[in-house]
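What follows is a single structure, written as structure tokens, with notes after it.
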Amino acid sequence: EQINSALGLGLVLASDLTVSSAGGYLLQMLPGATEDTVEKLEQSVSSCPPVSEMMEARMTQREVAESLCGDLGLELVFQKTLGYGPCNTTNLSERMAGALKLMPVTEIRSILEEQGMVEMECEFCREKVVFTEEDLVARGVIGEL
């Protein structure tokens with residue numbers, strides 16, 4: 001079954017070609033939406049600026065939603081603070097240690113011999129976590145020699 005939907009994505013690059021902001025929206029009609037509602041949303045969505053422009057203007061979630069809804073109005077049911085990627089620095093090292101457990105112990109030991117530590121970088125937030133041999137033993141990634 002097809003659902004009337006609108007999808008918008010945008011990306012803003014900094015002068016050094018890194019991503020300075022990105023965002024998007026997905027609007028889907030609920031069952032029972034009238035043709036009038038669909039037409040009004042189509043008009044308001046088509047009159048909205050591109051998502052990249054909304055991101056450059058630092059529009060809030062609410063401002064973007066209000067712009068998309070136009071004359072239909074907006075009733076905020078809940079709001080969630082967004083974060084970049086699935087990162088939560090309080091458990092990032094635990095997740096990284098879990099990923100290390102998937103590697104062969106011989107490979108981890110080889111890295112420890114060469115570098116004296118194992119350094120991992122989160123692909124989302126670029127946070128780096130450094131594990132010493134003692135850290136890896138304490139977390140059960142490798143056994144003691």
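The values are calculated or read from the model by the stated rules, or taken from the named source; none is laboratory data. None of the values given here were measured: they were computed from a predicted structure. For neighbour counting, all protein chains shown are included, and Cβ atoms are generated from backbone atoms with ideal geometry for every residue, glycine included. Note: areas computed on protein heavy atoms with side chains; ligands, DNA, RNA excluded. Shrake-Rupley method; radii C 1.70, N 1.55, O 1.52, S 1.80 Å.
Which one of these is touching a residue at least 12 places away in the same chain (Cβ under 8 Å) and among the polar types (S, T, N, Q): Ser20, Ser47?
Ser47
Restricting to the range 5-31, what's the tally of residues that are more than 19 Å from Gly73 (Cα to Cα), open to solvent by 50 Å² or more (accessible area, probe 1.4 Å) and polar (S, T, N, Q)?
3
This table checks each residue for (1) open to solvent by less than 70 Å² (accessible area, probe 1.4 Å); (2) among the hydroxyl-bearing types (Ser, Thr, Tyr); (3) at pLDDT 95 or above.
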{"site": "Ala33", "(1), (2), (3)": "yes, no, no"}
{"site": "Thr37", "(1), (2), (3)": "yes, yes, no"}
{"site": "Met59", "(1), (2), (3)": "yes, no, no"}
{"site": "Asn88", "(1), (2), (3)": "no, no, no"}
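Which number in (1) closer than 24 Å to Asn4 by Cβ; (2) within 20 Å of the chain's Cα centre (by Cα); (3) surrounded by 10 or more Cβ atoms within 10 Å (Cβ to Cβ) marks the one condition that Glu66 misses?
So the condition that Glu66 fails would be (2).
Against the condition over 29 Å from Gln61 (Cβ atoms) and modelled with pLDDT of 95 or more, how does Glu94 come out, does it pass?
no
Kindly provide the set of residues from the range 99-117 that are buried (at least 16 other Cβ atoms within 10 Å of the Cβ) and closer than 20 Å to Asn88 by Cα, ordered by number.
Once the filter is applied, which keeps residues that are buried (at least 16 other Cβ atoms within 10 Å of the Cβ) and closer than 20 Å to Asn88 by Cα, the range 99-117 yields only Leu100.
Condition test on Glu127, is it surrounded by 10 or more Cβ atoms within 10 Å (Cβ to Cβ), in contact with a Cys (Cβ under 8 Å, 6 or more places away or on another chain) and not hydrophobic (A, V, I, L, M, F, W, C)?
Yes.
Cβ-Cβ distance below 8 Å, separation of 6 or more or different chains: which pairs start in the range 65-82 with a residue that is under 12 Å from Glu42 (Cα atoms) and end on one that is open to solvent by 100 Å² or more (accessible area, probe 1.4 Å)?
What qualifies is Gly70/Gln43.
Residues being in a strand (DSSP E or B) and farther than 20 Å from Asp71 by Cα: count how many of those fall in the range 1-53.
Residues flagged as in a strand (DSSP E or B) and farther than 20 Å from Asp71 by Cα within the range 1-53 amount to 11.
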